[in-house]
Amino acid sequence: MKEGVGTTGLILNEPFLWEKGKKGRMGFSLPNNDVPSSPLVAELLGEGPDFPDLSEVDVVRHYTRLSTWNFGVDSGMYPLGSCTMKYNPKTNERQASLPGLAQAHPLLPTELAQGALKIMFDLQEHLAEITGLPAVSLQPAAGAQGELTGMLLFYAFHMMNKERRTKILIPDTAHGTNPASAALCGFRSVPVASNAQGVLAPDDVEALMDEDTAGIMVTNPNTLGLFEEHIKQISEIVHTKGGLVYADGANMNAVMGMVNMADLGVDVLHLNLHKTFSTPHGGGGPGSGPVCVTKKLEPFLPVPRVMHVKNRYELSYDFPESIGKVHAFYGNFGIQIRAYSYILSMGDQLKTASQLAVLNANYLKESLRDIFHLPYDKPCMHECVFTDKHQQAFKVSTLDIAKRLIDYGFHPPTIYFPLVVQGALMMEPTETESKENLDDFIEALRQIVQEAKDNPELLLQAPIKTKVRRLDETMAARKPCLAG
Amino acid sequence: MRYLPHTQEDIADMLKTIGVDSLNDLFTTIPEDCRRKTDLKLPKAKTEWELNHHMSGLAAQMAVCPDYTVFIGAGSYDHYIPEVVKQLLSRSEFYTAYTPYQPEMSQGTLQAIYEYQTLTTRLLGLDVANASMYDGASSLAEALLMSIRITRRKKVAISRLIHPLYRQVVRTYFAPTGFEVVELPVSDSGQTDMTGLEDMETFACVAVQSPNYFGCIENLAAFEEKIHSDSKTLFIVSFTEPLAYGVLKNPGSLGADIACGEGQSLGIPRSFGGPGLGMFAAKKGYMRNMPGRLVGQTLDIEGKRGFVLTLSTREQHIRREKATSNICSNQGLCATAAAMYMATLGGTGIRKLAALNHDKAAYLQGLLKNAGFEIPFDTPVFNEFVVKFPKDFKKTYTNLLSKKIVPGLSLTPDYPEFPDHYLLCATETMDKADMDLLVKEVTS
């Protein structure tokens, strides 16, 4: 048998920053003062923060060691469902760090910022082409802020019609952010159950949709990795009652070039540039969550809008119906540059990327179906959802399988989500994993399933090769220690 | 395409395993009438080298140092970023990781964020800090909403000297909520005028920014006394320039319940306004009302120290519509950069650097005053200040742009009551010679 990638090696311990260093050191090259010193009045002066004094070497060793305790897409396969952990191209980093872009002040006169404005304008155009929705705002800083922006657009649209609708339909397969975003806009979420085939049934939507309901938030493909095949009919039902259709585009990586969101009846869609468009997730962010809308909703988009007038790019605030601003400036521009760079590198091969993402997910599904329970047995999109049903007999669970995968050198899939599937293992391989990588992953899971039968203790104890073993999350929450 | 590893042979093998004939056959669950009819119309894919050329060309159209001397601050500041921060942040184990959902293989991110939280509490003088918000503006909006949740009151007061763009974001967040926002006016000293603020028991909070948008340092101690005349009302301090707390008294020591603001100054490039860093800290008693992710210390089954995301019962993925916020992705890598930056400075460095920043702006302010320009507010400033230029200054402004000098930002669009007033900024990156040249140019 081939040797797996998970192994152990020398891992170095590292104390807290404040346990290192000595008073009087400095890791910063302080500029010379070429102006007279101008003391502040004493009553304003504070003691200054209690920071450790470190040399440059202290800081370098500290973070280098910390980094080796981490696992990223560059380390290995990261099939975290609904997160689209595809490869983050290096050239994107180069473009975002170009001094002309990285050092630019956001309030420069627009004639001195044409390069940045062109990037934003062109990126908007490309996202409009990819989604089929003609107007785009890049301002939301992450997916959840995109959702919030979408809900603010719903609110503004209905208010223009002198309607204060109070409810919103949210399928039970939705991301937790959906109801939280809707709640911020005063919408009460009404859950819609998915049917036995794992998708929304038009009848169920029809039964719940009324004139007090602002619309529906659909994730398509949904979090079971299934295409909402009745979406057109559902959109019609919602529109007939004066509602709007919001699509959570977190799973757009399945359908680039395959569907046109406007044709499906979608009014607002947010994208996660840190998923579909390859920008790195940074261990938690920054992301970027542009919203794409129909012409009908365009007047409500956040300001300023980037305009192209007479060969010049301008920022315009002249949209009286706009919801206003969700970010101090123009959103996470540095992330927008990376997505722009990705789209220019891929061109029309974005469609191929979606096809291969779906190919990889279906390949995993077919290769693992004999060992894991498949709650919805039909072709999937970019991700597939299994459960631990077959393994429960051996007293091991999804969590144990996930933790054992770590010992094998893989990041686990998303676990226990979506909530409608008990013990879910949600796998999204993405298109940038090769067949060999998928085969290694499949082989690792086969071995783990065998271990579950022969020696379940291996799973229950896992991970054993990491710097720390399973952590006591209950203690962390009961006696919170959030600062040292 | 170099990011797509599949050979034709791989594709054929995989399709065979799946039991379909072509890639298109994988999409049979998309009904025919939902299929896109047209091809994607996107520019032809660029090679790596074509892309470099294209992007360098766009970057060259931007006015940045050293070609240009830019005297704009206003919530986005030019500071030197040590190469150490850039290099360490480029460790792809940090930047290509997701949110640390699997703590055993994310201890690097988790300890780094735990340290960021710790340094943030020390900088702001409060007990707990979260793992970051999107930016200074959404931090403020979330802080105001938090005070409404805590007090169950429906009205907040915010200073007109809070960054105007932050106030716009607050208005957007508040539009559908029905909560009321009262704006506190500007006094003759360039500080917030709170004399008219009455019925404190009706306010969930009062929020001020210090140093404020005009660069003036607010009298936070006086605010605190008045705000806390009602025991429930929260005192929120917003900021755009956290470096100031290297020398100034921090919000916590002056009685703030929540401090929230923009951390871009701490080792993050301006990048045309984002990504920055929403910093957020509060007194311990409000911990469970806070928005955002929190990293906590714990032990593993062998008793070794480790870190996890904690108190997630506040968060959207557990509480859904009852969550303290909808935030999920935050600005984790920017928080990591800020911690690296604070570590390189240390306690000794941050005091010196903050003092240097103060000196630079004070020098430019003095120079302009001596040259006969009106400095309308006689209040201590940090990093930036307001100057009133003559009525015809617009022409000089345009003229200076052609000489590659951007002489500050006009205040008039956001403050029509201050015609011909400009906001100028000078940090440690500004040379004396550049400031001397500016004054020479505006006087000539």
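Which percent of Cα-Cα pairs in the range A:349-469 sits in each 10 Å bin, short to long?
In whole percents, the pair-distance histogram is 14, 45, 32, 8, 1.
Given the range B:366-444, what whole percent of its Cα pairs are spread farther than 18 Å?
38 percent
Given the DSSP H assignment, sum -39500 (n - 2.57) over each helix run of at least 4 residues in chain B and divide by its residue total; what's the result at 222 nm in deg cm²/dmol, nearest 500? List each step's numbers first, then the result.
Working: 12 runs with 152 residues, N = 444.
One gets -11000 deg cm²/dmol as the mean residue ellipticity at 222 nm.
Bin all alpha-carbon pair distances of the range A:92-346 at 5 Å intervals from 0 and give each bin's fraction as a whole percent.
Pairs per bin, as whole percents: 1, 6, 14, 19, 19, 16, 11, 7, 4, 2, 1, 0.
Note the full-extension length gain between B:A221 and B:Q8 as 0.36 nm times their separation in residues minus their Cα-Cα distance, in nm to one decimal.
Net length gain for the segment: 69.6 nm.
Within 10 Å of each Cβ of B:359-366, how many other protein chain Cβ atoms are there on average?
Mean number of neighbouring Cβ atoms from other chains: 4.
Students often get this wrong: which residues of the range A:334-368 have the backbone nitrogen under 13 Å from the point 7 angstrom along Cα-to-C-beta of B:D39?
Answer for this model: A:347-352.
Label points 7 Å out from Cα along the Cβ direction at B:T398 and B:K16: separation in nm?
In this crude spin-label approximation the distance works out to 7.2 nm.
Based on C-alpha coordinates, I'd like the Rg and Dmax of the range B:387-431, in Å.
11.3, 32
What is the pair-distance distribution P(r) of the range B:83-341, computed from all Cα-Cα distances in 5 Å bins starting at 0, with each bin given as a whole percent?
For the range B:83-341, the pair-distance distribution reads 1, 6, 14, 18, 19, 16, 12, 7, 4, 2, 1, 0, 0.
What are the membrane-span-like helices in chain B by this rule: whole DSSP H runs, Cα extent along the axis at least 20 Å, mean Kyte-Doolittle hydropathy at least -1.0?
B:107-124, B:136-151, B:332-370
Please report, in debye to the nearest 20, how large the charge dipole of the range B:83-341 is about its Cα centre when each Lys and Arg carries +1 at its beta carbon and each Asp and Glu carries -1 there.
600 debye
With all pairs of different alpha carbon atoms counted, what Kirkwood hydrodynamic radius in Å does the range A:129-241 show?
Numbers: mean 1/r = 0.0683 Å⁻¹.
With all distinct Cα pairs of the range A:129-241 included, I get 14.6 Å.
Charges at C-beta only: +1 for Lys and Arg, -1 for Asp and Glu. How large is the resulting dipole of the range B:95-241 about its Cα centre, in Debye rounded to 20? Provide the component values of the computation, followed by the final result.
Details: 11 positive and 17 negative charges, 85 e Å.
Value, rounded to 20: 400 debye.
Report the calculated FRET efficiency for A:Q422 and B:M1 (r = Cβ-Cβ distance, R0 = 60 Å), to the nearest 0.05. Intermediate results must be reported in sequence, preceding the final value.
Numbers: r = 39 Å, r/R0 = 0.65.
Efficiency for this residue pair is about 0.95.
For the pair A:A207 and A:R94, how long in nm is the line joining their label points, each one 7 Å along Cα→Cβ?
Once both label points are built, they end up 5.8 nm from each other.
Please state, to two decimals, what the Cα-based radius of gyration of chain B comes to when divided by 2.2 N^0.38 Å (N = residues).
1.13
With only alpha-carbon atoms in the gyration tensor, what are the semi-axes of the equivalent ellipsoid for chain A, in Å, largest first?
The equivalent ellipsoid of chain A has semi-axes of 36, 36, 22 Å.
For A:R312 and B:E302, what does the FRET efficiency come to when R0 = 56 Å and r is the distance between their Cβ atoms, rounded to the nearest 0.05?
After rounding, the FRET efficiency stands at 0.30.
Could you give the C-alpha radius of gyration of the range A:1-59 expressed as a fraction of 2.2 N^0.38 Å, taking N as the number of residues it contains? Provide the component values of the computation, followed by the final result.
On the way: Rg = 21.3 Å, N = 59, 2.2 N^0.38 = 10.4 Å.
That works out to 2.06 for the range A:1-59.
Putting +1 on Lys and Arg Cβ atoms and -1 on Asp and Glu Cβ atoms, find which of A:P290, A:A135, B:I113 reaches farthest to the positive end of the dipole of the protein assembly as shown.
Of A:P290, A:A135, B:I113, it is B:I113.
Report, in listed order, any pair from A:K378/B:K16; A:K310/B:K395; A:K118/A:K325; A:K86/A:K296 with a Cα-Cα distance greater than 28 Å.
Checking Cα-Cα distances, A:K86/A:K296 exceed 28 Å.
Please compute, for peptide A:222-231, the average count of beta-carbon atoms on other protein chains lying within 10 Å of each residue's beta-carbon.
2
Count neighbours as other Cβ atoms within 10 Å of each site's Cβ, and list the GluC sites (Glu not before Pro) in the range A:1-103 that are DSSP loop with at most 12 such neighbours.
A:E3, A:E47
Whole number please: convex hull volume per residue of the Cα set in the range B:236-282, in Å³?
Working: hull volume 2.9 nm³, N = 47.
Value for the range B:236-282: 62 Å³ per residue.
Any chance you could list the semi-axes, whole Å, largest first, of the equivalent ellipsoid that the Cα gyration tensor gives for the range B:1-93, using √(5λ)? Don't skip to the end; give the middle numbers.
On the way: eigenvalues 419, 81, 49 Å².
Computed over the range B:1-93, the values are 46, 20, 16 Å.
Okay, which of the range B:1-20 sit inside 20 Å, backbone N to the point 7 Å along the Cα-Cβ direction of A:S434?
Label zone hits: B:1-17.
Step through the table entries B:K249/B:K284; B:K154/B:K249; A:K20/B:K304; B:K86/B:K304; A:K241/A:K295; B:K154/B:K232, compare each Cα-Cα distance with 22 Å, and write down the pairs that go over it.
Flagged as over cut-off: B:K154/B:K249; B:K86/B:K304.
Quick check on chain A: helices-only [θ] at 222 nm, where DSSP H runs of length 4 and up contribute -39,500 (n - 2.57) each and the sum goes over total residues. Nearest 500, please.
After summing the helix terms and dividing by residue count, I get -10000 deg cm²/dmol.
Ranked highest first by average number of other Cβ atoms within 10 Å, how do B:407-415, B:300-308 line up? Walk me through the numbers on the way to the answer.
Working: B:407-415: 19.2, B:300-308: 16.7.
Packing order, densest peptide first, comes out as B:407-415, B:300-308.
Quick one: compute a quarter of the convex hull surface over the Cα atoms of the range B:228-360 and quote it in nm².
Average projection, Cα convex hull of the range B:228-360: 11.3 nm².
Order A:273-280, B:61-68, A:118-125 from most to least packed using the mean count of other Cβ atoms within 10 Å.
Packing proxy ranking, top to bottom: A:273-280, A:118-125, B:61-68.
How crowded by other chains is B:292-298, given as the mean number of beta carbons from other chains within 10 Å of each beta carbon? Present the calculation step by step, with values, prior to reporting the outcome.
Numbers: counts 0, 2, 5, 5, 10, 10, 12.
Taking the mean over all residues of the peptide, I get 6.
Treat each spin label as a single point 7 Å out from the Cα along the C-beta direction, and report the B:S444 to B:S229 distance in nm.
5.4 nm
Ranking request for peptides B:44-50, A:440-446: highest mean number of other beta-carbon atoms within 10 Å first, then the rest in descending order.
Top to bottom by mean Cβ count within 10 Å: A:440-446, B:44-50.
Output the lone cysteines of chain A: those with no second cysteine's C-beta under 4.7 Å from their C-beta.
Isolated Cys, chain A: A:C83, A:C185, A:C292, A:C481.
Which whole number of Å³ per residue matches the convex hull of the alpha-carbon atoms in the protein assembly as shown?
154 Å³
Mind listing the Cα extents of the range B:156-222 along all three principal axes, in Å, largest one first?
34, 28, 17
State the extension gain, in nm to one decimal, for the chain segment bounded by A:K296 and A:Q392, taking 0.36 nm per residue of separation less the distance between their alpha-carbons.
Taking 0.36 nm per residue and subtracting the Cα distance, the gain is 29.5 nm.
Starting from a Cα-only point model with no solvent, please compute log10 I(q)/I(0) by Debye for the range B:58-164 at q = 0.12, 0.13, 0.23 1/Å.
Ignoring solvent entirely, the Cα scatterers give -0.73, -0.84, -1.33.
Which is farthest toward the positive dipole end of the range B:1-62 among B:L26, B:M62, B:L15, measuring Cα position about the Cα centre, with Cβ charges +1 (Lys, Arg) and -1 (Asp, Glu)?
B:M62
Of all the C-alpha pairs in the range B:282-392, what % are more than 16 Å from each other?
76 percent
Would you work out the charge dipole size for the protein assembly as shown about its Cα centre, treating the Cβ of every Lys and Arg as +1 and the Cβ of every Asp and Glu as -1, and quote it to the nearest 20 debye?
The calculated dipole for the protein assembly as shown is roughly 860 debye.
Any read-out appearing in this document is the output of simple, stated calculations on the displayed coordinates, not a laboratory observation. Since this is a predicted model, take the numbers as computed values, not measurements. Cβ sites come from the backbone with ideal geometry, for glycine too, and all protein chains shown count toward neighbours.
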